[in-house]
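What follows is a set of notes on a single structure, which appears directly below.
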Amino acid sequence: MTVFIEAAALLAQLLEESVLTADSLLFGFASLLVIASALMVVLTRHPVYSALFLVLTFIGLSVFFLQLGAPFLAAVQVIVYAGAIMVLFVFVIMLLGEDKPMASEQSRGAHLPLGIIFGLLTVLMLGYLMTNPSQLKAPQGQPPKVHTLVSANATDSEKAAAYAEFGSVRAIGNTLFTDYLFAFEATSIVLLVAMVGVVVLAKKRL
Amino acid sequence: MPTHYYLAISAALFTIGVMGVLLRRNAIVIFMCIELMLNAANLAFVATARHFALAGNIDPARAMSGQVFVFFVMTVAAAEVAVGLAIIVALFRNRSSIDVDDVNLLKY
């Protein structure tokens, strides 16, 4: 019992010293959740378990989105991915009756060393690209014209308000329906084509 | 948290997705691993969007582009999953299997 009390005191002390802030605790928890459940998606042999661990991964990612100032995206992540797309996956697994481990996957086979080699190569490449600080400099030169929430002669408080609004539904809508209006409309064509394609593929006789 | 922490998680997630596509033979699980890779890209988009917004020398509306792109990625992912699963259903109807090793008509 005293062990727990001491542990709690230590945790409180670390929180005081802000080595371990609530933010970094949440980050650590979410990254553990994301990496562990993503690994389980690949490693578990039951497709249904894979699907359920994928839901956990998406929930951890939505925690990241909340931390990164994207609350609307976090909600969309849970609704669209953990809701709609995962239901589609589980539905197809159950429809096909393929909810048991596949016989050919009982042995890991010759794919494993190849997979590890290419996985390590990907780690090296992405690690170089993403941790190299020079890749993260803000773009230089004259920025392209955007529909902005801040007018050119805005006061400092107006600018601060625009920055505070970053990630809100209003800011997303403002960007999506002005600068990316054409892409938004093109997206509807993509969805229509996908819908027609699914009907053509899945229907036995047209 | 610093941006490169999120980018490291994103890289790890993408790599796990790549490994899954290379190692697994169940077509549905391969599709799930593609979803993992798309989500890794989404995380990188959102992290860099915040990075440039906090850098301060960029209009916040311009930095919002990163978050708007996540929407487009999600839309394309939804379309891709629908079409891919329809292909898997059609495949299962013809071959009674969703093992990708059984589908090697185009291999030779």
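Brief remarks on what is shown
- Residues of the range B:45-77 with amide N under 14 Å of the 7 Å Cα→Cβ point at A:I79: B:71, B:75
- Projected label points at A:F177 and A:L95, each 7 Å from Cα along the beta carbon direction, are separated by 3.4 nanometres.
- Student exercise, chain B dipole from Lys, Arg, Asp, Glu Cβ charges, in Debye to nearest 20: 60 debye
- For the segment A:80-92, counting C-beta atoms of other chains within 10 Å of every residue's C-beta and taking the mean gives 4.
- FRET efficiency for the pair B:D101 and A:I116, taken as 1/(1 + (r/R0)^6) with r the Cβ-Cβ distance and R0 = 25 Å, rounds to 0.85.
- Accessible area buried at the B-A interface, both sides summed, 1.4 Å probe (Å², nearest 100): 7300 Å²
- Inter-chain Cβ neighbour count for B:43-53, averaged per residue, equals 6 (cutoff 10 Å, partner chain atoms only).
- In degrees, nearest ten, helix B:3-23 long axis to first principal axis of chain B (Cα): 10 degrees
- Acute angle (nearest 10 degrees) that the helix B:27-55 long axis makes with the longest principal axis of chain B, alpha-carbon atoms: 10 degrees
- Segment B:V89..B:L54, full-extension length gain: 8.0 nm, with 0.36 nm per residue of separation and the alpha-carbon distance subtracted.
- Solvent-accessible surface (1.4 angstrom probe) belonging to A:Y49, in square angstrom, nearest 10: 120 Å²
- Whole-percent carbon and sulfur share, accessible surface of the range B:36-95, 1.4 Å: 69 percent
The values are calculated or read from the model by the stated rules, or taken from the named source; none is laboratory data. Only a predicted model underlies this, so the values are computations on that prediction, with no experimental measurement involved. Quick reminder, even Gly has a Cβ in these numbers, built from the backbone with ideal geometry, and neighbours come from all protein chains shown. In case anyone asks, the SASA skips ligands and DNA or RNA and just uses the protein heavy atoms, side chains included. Shrake-Rupley method; radii C 1.70, N 1.55, O 1.52, S 1.80 Å.
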